[in-house]
1. Step by step: first the residues of region 131-146, then only those that are touching a residue at least 40 places away in the same chain (Cβ under 8 Å), under 17 Å from the mean Cα position of the chain (by Cα) and not in a strand (DSSP E or B), then the one that is surrounded by the most Cβ atoms within 10 Å (Cβ to Cβ). Which residue is that?
2. I need the full set of residues from region 97-117 which are assigned to a helix (DSSP H, G or I), touching a residue at least 60 places away in the same chain (Cβ under 8 Å) and open to solvent by 30 Å² or more (accessible area, probe 1.4 Å), in order please.
3. Enumerate the helices (runs of 4 or more DSSP H) found wholly within region 18-96, keeping only those where 2 or more residues are among the small types (Gly, Ala, Ser) and surrounded by 13 or more Cβ atoms within 10 Å (Cβ to Cβ).
4. Would you please list the contacts, defined by Cβ atoms under 9 Å and residues six or more apart or on different chains, that run from a residue in region 65-91 that is closer than 23 Å to residue 136 by Cα and free of Cβ contacts under 8 Å to residues at least 60 places away in the same chain to a residue that is part of a helix (DSSP H, G or I) and hydrophobic (A, V, I, L, M, F, W, C)?
5. Condition (residue is more than 21 Å from residue 10 (Cβ to Cβ) and of a type in the set (A, V, I, L, M, F, W, C)) applied to region 147-155: is it met by at least one residue?
6. State all residues of region 149-164 that are hydroxyl-bearing (Ser, Thr, Tyr) and surrounded by fewer than 22 Cβ atoms within 10 Å (Cβ to Cβ); if no residue qualifies, say none.
7. Being open to solvent by 40 Å² or more (accessible area, probe 1.4 Å), closer than 30 Å to residue 215 by Cβ and of a type in the set (Gly, Ala, Ser): is that true of residue 120 here?
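The values are calculated or read from the model by the stated rules, or taken from the named source; none is laboratory data. Everything numeric in this text was worked out from a predicted model, so none of it was measured. Every residue, glycine among them, receives a Cβ derived from its backbone with ideal geometry; neighbour counts consider all protein chains shown. Please note that ligands, DNA and RNA were not included when accessible areas were found on the heavy atoms of the full protein model with its side chains. Shrake-Rupley method; radii C 1.70, N 1.55, O 1.52, S 1.80 Å.
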Amino acid sequence: MADFIAPERVAEASRKAGEIGIAPRLLHADTARGVLVFEALGEEWAWGHADVLRRPAVLENLLAAKRRFQTAAPLAEERSVFDLVAAYRGLAEGAGAILPAPVGTVAAAVGRIGAAIAAAGVDRVACHADGASSNVMVGPANAVRLVDFEWARQADPAHDLGTVLAELLPFDGDALLAIEIATGRPDARTLARARLYGAADDLMWALWGFISAARSPRKHVEFFKYAEWRLLRARTVIEGPRFETWLKQV
């Protein structure tokens, strides 16, 4: 994973998140060895699952934690998801990864998304930038802590929101309610931007999976299967009936 993760950047984001109370506190970091030591959460805390994170009280706390991190001091990592997609495509070629044919079509569409968002303008704040349910800890009274800040970076807050919507809320009615919780109003433009970011993020993770399948010695891990799932989820947006409308709304 060395090509994907910079330990000093992870330590920076983890420390800032812990200091504002949305993540376990970072107690020690030896970035040269890639070792981070965090405070232990109690036994009453558990990894998040989609069905748990969809519960209104938990979802509200999750979105609040994401928003809280956006108030942190700027992070050193500034590459956008579109930058990472380009970088990972290069890594995939170097790794000799097998890329299914739809990767090219989805990548072209993600290029259009990046151009549309750049033309509309972007505000960049500190973002967790990881929508995986397992990277959320849920504790007593529906409390939430974020973990795993390997992909944290300065990003459009709609990207952070888009990763959550893609993971948890495939239906736009539920997504608009989450947007209202997160921003104060159920804004169609925010939905459009978040959905498109979700597709770009899914492509990034699909490329990560294809690269890892090609070169990881951990052959028991189903990297390729995971990559195909993320690619399929990206395609549901790219090939969906609202894609062109969303592009015009960003």
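1. Here the residue is 131.
2. Scanning region 97-117 gives 102, 105, 112.
3. Once the helices (runs of 4 or more DSSP H) in region 18-96 are filtered for at least 2 residues that are among the small types (Gly, Ala, Ser) and surrounded by 13 or more Cβ atoms within 10 Å (Cβ to Cβ), what remains is 56-69, 81-95.
4. Correct list of pairs: 68/17; 72/13; 72/17.
5. No, region 147-155 contains no residue that is more than 21 Å from residue 10 (Cβ to Cβ) and of a type in the set (A, V, I, L, M, F, W, C).
6. Within region 149-164, no residue meets the criteria.
7. no
Each row is one residue, and each column tells you yes or no for (1) at pLDDT below 95; (2) in contact with a Lys or Arg (Cβ under 9 Å, 6 or more places away or on another chain).
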{"site": "176", "(1), (2)": "no, no"}
{"site": "182", "(1), (2)": "yes, yes"}
{"site": "189", "(1), (2)": "no, no"}
{"site": "205", "(1), (2)": "no, yes"}
{"site": "235", "(1), (2)": "no, no"}
